[in-house]
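Peer 1: For reference, the structure I am asking about is given below.
The values are calculated or read from the model by the stated rules, or taken from the named source; none is laboratory data. Values in this document were obtained by computation on a predicted structure and should not be read as measured data. With ideal geometry, Cβ positions are generated from the backbone for all residues, glycine too; neighbour counts draw on all protein chains shown. Areas reflect the complete protein model, heavy atoms only, side chains present, ligands, DNA and RNA absent. Shrake-Rupley method; radii C 1.70, N 1.55, O 1.52, S 1.80 Å.
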Amino acid sequence: MIRSEKTAMLLAEAGCLFMGFILCLSGVNGGETRICALKCSSVDLHCSHQAVAELQVKVIPATEGQTVTLMCSSSCPLTEKPAAYIWYKNREFLYEDWSPWYQELLSSEEAVTYSCAVKGYEDLRAPEVSVDSITQTCFSVTYAKGRMCSSQQTSVDESCSITYPREIHVQRTPAEQRGHIRLTCNSSCFLTDPLISFVWYETRKPTVKEGKQILVPSSLPDSLSCAVKGLEDVRSADVCVNDSCWSLNYVHSRICALEGSSVNISSKYSHPDYVQIQSKCWYKVKREAEQLTEDAGHVEYDDSMKNQHILRLKKLKRDDSAEYRFTFTTEYEEVNQSDFPGVTLIVTGERASMRSSDSAQNHQTSSRIQSNTAGIPELRVKMSPSAVVTEGQRVTLTCSTSCPLTDNTNYIWYLNSRPLTPRENQNKHLILDPVSREDAGSYSCAVKTNKDISSAPKTLTVQSITGTWTPAAAGVSAALLLLILLTVCCWIR
């Protein structure tokens, strides 16, 4: 306990310089418990083994066009669940929310920076990030500090810009050395940045190999994959050096779904021919791994396809947000996937609305942010180029969520509370081209789930040469026309 108090004093004197730390607690039987917490939070220190856990903004390529998504992430899972995540744009408070995902998909924006923090620790923000350019194959990111750059960076206090690929894959070619195979970590874009380095994984565990190309024995029974250092979330699929090895790949590494809906989490695997699979199961991982058993109303297993296993979750709840990992048991042992990254599922639905006061001074700390008790939907209608347009323009309405939903989501659009007949090939996006005065009105969108989540209505105003056309203006015009007709009829009589 004396050592604990001394350590706590030393940490306090350090002035909260570190973003966070990992604590290990040694038990009676020599076991070790790892605790990840943000710096300055209250925990008991029973040993001095510590490591820095940085908060960072991860930039991850999205599947929708030339866009990326952001996630507020720490280098280890926080033991205490954050009360909320706070997002900043150009150093100004933007919003706070329970989800670590940024609510918008981003295109390249010059001179726009993003950062995040955990509520209660607003002074410990992640280093600022800006998205410089996005193409079909690459995206460029600038970090305000060099801690996210390669070890070749001369100083962690310097900013750096790196171009990342949107996709990674491993290519196998014969090697000059007999009995070996050359593996190349190829990407969707040509990388010449000297700061770029690569990470290799053997059976999904990090190795000491770092080059773009590596030589491995052709008899290696394990699978290999690779990633660009600093963008480990975008990892290649596992490949076998020979025709038969242990491998495991997930169809999607990140899935966003609405509360009340259903989702399929798919895994594809291979194993040596001489091995017989006895059983297969999925684990739900938060702080601990929980084995999932089939429940017709919520959890289903689909094992109908060869070397593929699907976990189907129905009537999703917020508590289903977690990481999911697939594992199987052979006749000899259970193949432990505990060290393998699985599929991250984010369940989004109604959330408590959060607003700040009108004073800019009150944006500096979340303690001044007021929260309403009423829930508002995660679905929101966005209008581009704006909510006020001129007749004849092209207008795109987007049903937006706090994180990108799966591609097979069915959307429903409403105009003045009446459902619209879907136009061909339009789902998440409703395109009015050209927009007319009849298109003016109040639009909302919904997703058909067991909970039927809908957005708040948003008004589209269409301006014409003679003035502004809104539903109210339409009503006034109709009334005037009726009055004129009545006057003419009375005059004729």
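Peer 1: Name the residue, out of Ser225, Ser218, Ser236, Ser266, that is assigned by the TED database to the domain that holds Lys317 and of a type in the set (S, T, N, Q).
Peer 2: Ser266
Peer 1: Quick check on my filter: what residues within the stretch 174-211 are closer than 14 Å to Tyr164 by Cα and modelled with pLDDT of 85 or more? Show your work before the answer.
Peer 2: Restricting attention to the stretch 174-211, the residues satisfying the condition of being closer than 14 Å to Tyr164 by Cα are 185-199.
Within the stretch 174-211, Cys185, Asn186, Phe198, Val199 qualify.
Peer 1: Which numbered condition trips up Val234, out of (1) at positive phi; (2) modelled with pLDDT under 85?
Peer 2: (1)
Peer 1: Out of all the residues in the stretch 269-325, which are loosely packed, with under 14 Cβ neighbours inside 10 Å, within 24 Å of the chain's Cα centre (by Cα) and acidic (Asp, Glu)?
Peer 2: Matches in the stretch 269-325: Glu288, Glu290, Asp319.
Peer 1: Of all residues in the stretch 196-212 being touching a residue at least 40 places away in the same chain (Cβ under 8 Å) and among the charged types (D, E, K, R), which is most open to solvent (accessible area, probe 1.4 Å)?
Peer 2: Result: Lys205.
Peer 1: Something else: Return the pairs, sorted by first residue and then second, in which the second residue is of a type in the set (Val, Ile, Thr), the first residue lies in the stretch 87-98 and is closer than 16 Å to Glu378 by Cβ, the beta carbons are less than 7 Å apart, and the residues are 6+ apart or on different chains.
Peer 2: Hits for this filter: Glu96/Ile86; Glu96/Ile369.
Peer 1: Can I ask one more? What residue, of Phe139, Phe93, is at pLDDT 80 or above, in contact with a helix residue (DSSP H, G or I) (Cβ under 8 Å, 6 or more places away or on another chain) and outside the structural domain of Ser188 (by the TED database)? It would help to see each step written out before you state the result.
Peer 2: Working: Phe139 fails: in contact with a helix residue (DSSP H, G or I) (Cβ under 8 Å, 6 or more places away or on another chain).
It is Phe93.
Peer 1: Tell me, please, whether a residue that is modelled with pLDDT under 80 and open to solvent by 20 Å² or more (accessible area, probe 1.4 Å) can be found in the stretch 111-123.
Peer 2: Within the stretch 111-123, one or more residues are modelled with pLDDT under 80 and open to solvent by 20 Å² or more (accessible area, probe 1.4 Å).
Peer 1: Being touching a residue at least 40 places away in the same chain (Cβ under 8 Å) and among the aliphatic types (A, V, I, L, M) is the filter here, so list the residues in the stretch 216-246 that pass it.
Peer 2: Residues satisfying the conditions are Leu224, Ala227, Val228, Leu231, Val234, Ala237, Val239, Val241.
Peer 1: Another question about this same structure. Hey, could you check the stretch 424-450 for residues that are closer than 18 Å to Ser400 by Cβ and not in a strand (DSSP E or B) and say which is modelled with the lowest pLDDT?
Peer 2: Within the stretch 424-450, the match that is modelled with the lowest pLDDT is Gln426.
Peer 1: If you don't mind, there's one more thing I want to ask. Can you give me the number of residues within the stretch 258-276 that are at pLDDT 85 or above and of a type in the set (A, V, I, L, M)?
Peer 2: 2
Peer 1: Being farther than 26 Å from Gln136 by Cβ, touching a Ser or Thr at 6+ places or on another chain (Cβ under 9 Å) and surrounded by 17 or more Cβ atoms within 10 Å (Cβ to Cβ), is that true of even one residue in the stretch 184-194?
Peer 2: The answer is no, given that none of the residues of the stretch 184-194 is farther than 26 Å from Gln136 by Cβ, touching a Ser or Thr at 6+ places or on another chain (Cβ under 9 Å) and surrounded by 17 or more Cβ atoms within 10 Å (Cβ to Cβ).
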